[in-house]
Amino acid sequence: MKTKFSNFKNKSECEKDKKQLLEESKIITSCRDIVYVDNPPTNILVSDEDDEERIIYNKKTRERSRIILLNHLEKVCVKGVLPEEYFKLKMWDELHAEIANYKSEDSENLQDTIEEKVKSNNELQSLIILGKAGLFSIL
């Protein structure tokens, strides 16, 4: 989700920004989709009429963003249940089989195998970067 995106209602601007993000960052390429919203503050200290109008405008903007997010969640959710495949790593089945093989055979090569998989997979590299930054955890 990308917040503070003032052009969140303009599909062509969202697509233009998405294209730019994909070109600039490996982490973004592992994402399934980007949802654009703008959630401006509504807890503004009111000192004049302009502040009151801004609060009203910001509430409307937040409501439109809420609808966009709910519509996105409705597309990826089935009757309130998130499909497992949507959040599953693209190469999870292959990696899981290697780990299961390691456990059953007590393989000495698991570390090398995992390192090799990580080097050849942008999705895993991105998750490791996010994990080290404290932005992602499995549990």
Handout entry: Check on Glu49, within 24 Å of the chain's Cα centre (by Cα) and either at pLDDT 70 or above or under 30 Å from Glu15 (Cα atoms) (or both)
Key = no
Problem - Pairs, first not assigned by TED's automatic domain parsing to the domain that holds Lys119 and assigned to a loop (DSSP other than H, G, I, E, B) in segment 17-32, second modelled with pLDDT under 75 and among the hydroxyl-bearing types (Ser, Thr, Tyr), C-beta under 7 Å, six or more apart - result: Ser30/Ser126; Arg32/Tyr86
Exercise for the section: Kindly indicate whether any position in segment 61-81 is modelled with pLDDT under 65 and not aliphatic (A, V, I, L, M). Expected result: yes
Handout entry: Hits in segment 18-42 (condition: closer than 16 Å to His72 by Cβ and either small (Gly, Ala, Ser) or modelled with pLDDT of 85 or more (or both))
Key = Lys18, Val35, Tyr36, Val37, Asp38, Asn39
Exercise for the section: Considering every residue within segment 47-62, establish whether at least one is assigned to a loop (DSSP other than H, G, I, E, B), on the phi < 0 side of the Ramachandran plot and loosely packed, with under 11 Cβ neighbours inside 10 Å. Expected result: yes
Handout entry: Residue that is surrounded by the fewest Cβ atoms within 10 Å (Cβ to Cβ) [pool: residues in segment 93-120 that are modelled with pLDDT under 70 and among the small types (Gly, Ala, Ser)]
Key = Ser104
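The values are calculated or read from the model by the stated rules, or taken from the named source; none is laboratory data. Bear in mind the structure is a predicted one, so any value in this text is a computation, not a measurement. Note that we place each Cβ from the backbone using ideal geometry, even for glycine, and neighbour counts take in every protein chain shown.
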